[in-house]
Amino acid sequence: MSIRRMVWTLIALGLVAALLGAVSAQAQEVETTSESSGELQLVILHHNDGESQLVNASSSAPEYGGVARFASLVHQIRSEATDGGAAVITISSGDNFLSGPELSVSLGDDSPFYDALALNLIGYDALTIGNHEFDLGPDLLARFITETTTAPFISANLDFSGEPTLAALVEQGRIAPSTVVEKQGRRIGIIGATTPELTYISSPRNVAVMSNVAEIVQAEIDRLTGDGVDIIVLSTHLQALSAESDLAAELTGVDAIVAGGSGALLADDSTVLLPGDGDPYGPYPLTATLADGASVPIVTTPGDYTYVGQLILTVDVDGNVTAIDDTSGLRRAIGGEEADAVAPHPEVQAQVTEPVAAALAELAATPVGTTEVPLDGRRSPGIRTHETNQGNLLADALLWNGRRLAADFGVSEPAVALQNGGGIRNDSVIPVGPISLLETFNISPFGNLVTVIEDVSPAQMKVLLENAVSRVESSSGRFAQVAGLSFVYDPAGTPQEIGDDDTVTTEGSRVQSITLDDGTALVSDGAVVEGAPSIALVTLNFLANGGDQYLFGDGTRTHLGLTDQQSLAAYISDGLNGTIPAADYPEGGQARITTVAAEMEDMDDMTDTDEMADDMEGEELPATGAESHLLFIIAATLILAGLLLATTTRRNPKMA
């Protein structure tokens, strides 16, 4: 190498070294500034709608879900994040237990509340109150909160002063509108909100539900930020992600929304899902717009302890979210031989899963009967959108039990039965074969009491069935399965609307005819038939008390001393002599409920989880400063290399 070429080479290398040194110094300065600025990596671990699914996701998927695997996964992710220097908070967004066979194991005289025990072993910073916590009344919720010792229960729009046991827990700080946790010197506020429809879909008794959620939540945001809390997480249980999006549009100052109640699956192409999960509702996270134009991420999980949600945020010194990490998303709780399998958490397995599983095995080993035909108990399309044979079976069970017990309780024999789709919970097609006692619990888990209501007028029957079909487009749980009558409705008609004072504010025009099985017409051509008789009706006490906005009027109500699950089991074993015949329960039903058109239009697309997919796509965040520095380094190095090559080539033509 010539002297001149060597000089040029050394000069070039020196320039590169100097440039790299300057960049290194700049990077060190940026790092120091970042540390002093208080920038925080915040990991929000979340789930919702655990609903007492303590053993596994389902009997047909024993390696999926289960609270013991879920607990292991939470502990694993939490440990990895804290070891990496992140701050971690853990949130449940409601429906922390659900009436059914698993919950029944906790209701014995000497039994622990297994759901509470599991949550204690997992560890939470906040637990939002959902609707199912009230299904068996405020007293059971009070017991659950008392036995769940690791975190406060939060909801800003519920007033517990009318329930002494819950009011006492408010005084103790166990129930609050919000909670503040401190992580790495930063104060993080977590605010709760519960669906305003609580009084219609559960049994809160004297708990007052305030519907002005946005106003109440904003006031809580302002109170917390006024106290120096600069990171705000909103944990909601509003039943539909569209509700969270609408709420966000009325708020400011929220950094993340963790939602519950919708059952929606949010996932990206890189997310490893449980086998059998369908197409995602949208990406993780969804993005909504606040009232001031700022963006806010919305996240949720499908529930049932099947996934842990992991939202990873970078938050600057002023409490602003500056980045959402690409590794945010769902982590599945799975066992077996899968690469991401987790072993059950040993304490949760021993203290929760094993005793509950043993009790369920005993129920599963107790036969009730057999079915000659598959029974359709799917949610949507299914028992919340149209007549199904399983829906007919439940309504027939109510009618059979109502008639056989009427004389014992001194009431008129009911002419018809009404069962709400929301009270049928197995969400599956039961195959031909044996039916166990456990299956009857899976179908009818709530322990609602069979109730006869006398003197229901034809006009009242029209109001009841108008309510049943008023929200069929959104697969509402108020959709009815019926026995003792048939009715025809027009989905294009005006839906009935009911105000907060339980009065009809908009009369419905959907129900066109109602005909009793003996041929008596109660409604014809959309009008009540003059001179048509009043009747006795059998239903569930939840509906008799106004649940799902059913307005039964002032007729006398009489409980018949058995639950919906007991009604179903007795009807199968005794009323049908242990066999559900295909001739009486054909697939597709028996035309008890029909529409004016030959078929409902596009009922397959009528679930809440289809409403927002087009307009709730995630937004890309701008490139970070680190990416810009890297591009600068590469550009500068390429320029110097080009200069060196050009100079060398000019000095030595043989290299051209």
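Would you tally the residues in segment 477-507 being surrounded by 24 or more Cβ atoms within 10 Å (Cβ to Cβ) and modelled with pLDDT under 95?
Residues in segment 477-507 being surrounded by 24 or more Cβ atoms within 10 Å (Cβ to Cβ) and modelled with pLDDT under 95: 0 in total.
Does segment 119-137 contain at least one residue that is aliphatic (A, V, I, L, M) and over 25 Å from I298 (Cα atoms)?
In the first step, residues of segment 119-137 are kept if they are aliphatic (A, V, I, L, M); the result is 119, 121-122, 126-127, 129, 136.
Among the residues that remain, those that are also over 25 Å from I298 (Cα atoms) are: 121, 136.
For segment 119-137, residues aliphatic (A, V, I, L, M) and over 25 Å from I298 (Cα atoms): present.
E454: touching a Pro at 6+ places or on another chain (Cβ under 9 Å), more than 18 Å from I383 (Cβ to Cβ), of a type in the set (D, E) and assigned to a helix (DSSP H, G or I), yes or no? Full working, then the answer.
Numbers: touching a Pro at 6+ places or on another chain (Cβ under 9 Å): yes; more than 18 Å from I383 (Cβ to Cβ): yes; of a type in the set (D, E): yes; assigned to a helix (DSSP H, G or I): no.
When the stated conditions are applied, E454 does not pass them.
Of all residues in segment 301-353, count the ones that are more than 22 Å from the chain's Cα centre (by Cα) and over 26 Å from R425 (Cα atoms).
29
Being acidic (D, E) and modelled with pLDDT of 95 or more is the filter here; which residues of segment 144-203 pass it?
Applying the first criterion (acidic (D, E)) to segment 144-203 yields 147, 159, 163, 171, 182, 197.
The answer is E147, D159, E163, E171, E182.
Go through the residues of segment 361-371 one by one and say whether even a single one is farther than 30 Å from G575 by Cβ and of a type in the set (V, I, T).
Narrowing segment 361-371 to residues farther than 30 Å from G575 by Cβ: none.
Within segment 361-371 (the criterion being farther than 30 Å from G575 by Cβ and of a type in the set (V, I, T)), the answer is no, since none of the residues qualifies.
What's the total number of residues in segment 55-114 that are crowded, with 24+ Cβ neighbours inside 10 Å, within 19 Å of Q351 (Cβ to Cβ) and charged (D, E, K, R)?
So the answer is 2.
Residues being assigned to a helix (DSSP H, G or I) and over 22 Å from the mean Cα position of the chain (by Cα): count how many of those fall in segment 142-188. Outline the logic, then answer.
In the first step, residues of segment 142-188 are kept if they are assigned to a helix (DSSP H, G or I); the result is 142-147, 164-171.
Going one step further and asking which of them are over 22 Å from the mean Cα position of the chain (by Cα), we end up with 143, 146-147, 164-171.
Of the residues in segment 142-188, 11 are assigned to a helix (DSSP H, G or I) and over 22 Å from the mean Cα position of the chain (by Cα).
Regarding Q351, is this residue touching a residue at least 60 places away in the same chain (Cβ under 8 Å), in contact with a helix residue (DSSP H, G or I) (Cβ under 7 Å, 6 or more places away or on another chain) and either surrounded by fewer than 21 Cβ atoms within 10 Å (Cβ to Cβ) or among the hydroxyl-bearing types (S, T, Y) (or both)? Spell out how you get there, then give the answer.
On the way: touching a residue at least 60 places away in the same chain (Cβ under 8 Å): yes; in contact with a helix residue (DSSP H, G or I) (Cβ under 7 Å, 6 or more places away or on another chain): yes; either surrounded by fewer than 21 Cβ atoms within 10 Å (Cβ to Cβ) or among the hydroxyl-bearing types (S, T, Y) (or both): yes.
Yes, satisfied.
Confirm whether S262 is more than 20 Å from N56 (Cβ to Cβ), assigned by TED's automatic domain parsing to the domain that holds G84 and surrounded by fewer than 23 Cβ atoms within 10 Å (Cβ to Cβ).
Working: more than 20 Å from N56 (Cβ to Cβ): yes; assigned by TED's automatic domain parsing to the domain that holds G84: yes; surrounded by fewer than 23 Cβ atoms within 10 Å (Cβ to Cβ): no.
When the stated conditions are applied, S262 does not pass them.
Do you know which residues across segment 68-101 are part of a helix (DSSP H, G or I), touching a helix residue (DSSP H, G or I) at 6+ places or on another chain (Cβ under 7 Å) and at pLDDT 95 or above?
Scanning segment 68-101 gives A68, A71, V74.
Look at E507 and say whether it is in the same structural domain as A415 (by TED's automatic domain parsing) and in contact (Cβ under 8 Å) with a residue 12 or more places away in the chain. Walk me through how you get there before you give the answer.
On the way: in the same structural domain as A415 (by TED's automatic domain parsing): yes; in contact (Cβ under 8 Å) with a residue 12 or more places away in the chain: yes.
Considered against the rule, which asks whether it is in the same structural domain as A415 (by TED's automatic domain parsing) and in contact (Cβ under 8 Å) with a residue 12 or more places away in the chain, E507 comes out as yes.
Search segment 218-238 for residues that are under 13 Å from R186 (Cα atoms) and pair each with any residue that is part of a helix (DSSP H, G or I) when their beta-carbon atoms are under 6 Å apart and the residues are at least 6 apart or on different chains.
I232/I221
If you check T289, T300, which single one turns out to be in contact (Cβ under 8 Å) with a residue 60 or more places away in the chain and among the hydroxyl-bearing types (S, T, Y)?
Details: T289 fails: in contact (Cβ under 8 Å) with a residue 60 or more places away in the chain.
The conditions single out T300.
Yes/no matrix, rows are residues, columns are (1) free of Cβ contacts under 8 Å to residues at least 60 places away in the same chain; (2) over 21 Å from N448 (Cβ atoms):
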| site | (1), (2) |
| --- | --- |
| F134 | no, no |
| E147 | yes, yes |
| T150 | yes, yes |
| Q172 | yes, yes |
| R186 | no, yes |
| P196 | yes, yes |
| T199 | no, no |
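Which residue pairs have Cβ atoms under 8 Å apart, sit 6 or more places apart or on different chains, and have a first residue in segment 445-457 that is touching a residue at least 24 places away in the same chain (Cβ under 8 Å) and a second that is among the charged types (D, E, K, R) and part of a strand (DSSP E or B)?
Final answer for the pair search is T451/R557; V452/R557; I453/R557.
The values are calculated or read from the model by the stated rules, or taken from the named source; none is laboratory data. All values reported here derive from a predicted model rather than from experimental measurement. Cβ atoms come from the backbone with ideal geometry, glycine included; neighbour counts cover every protein chain shown.
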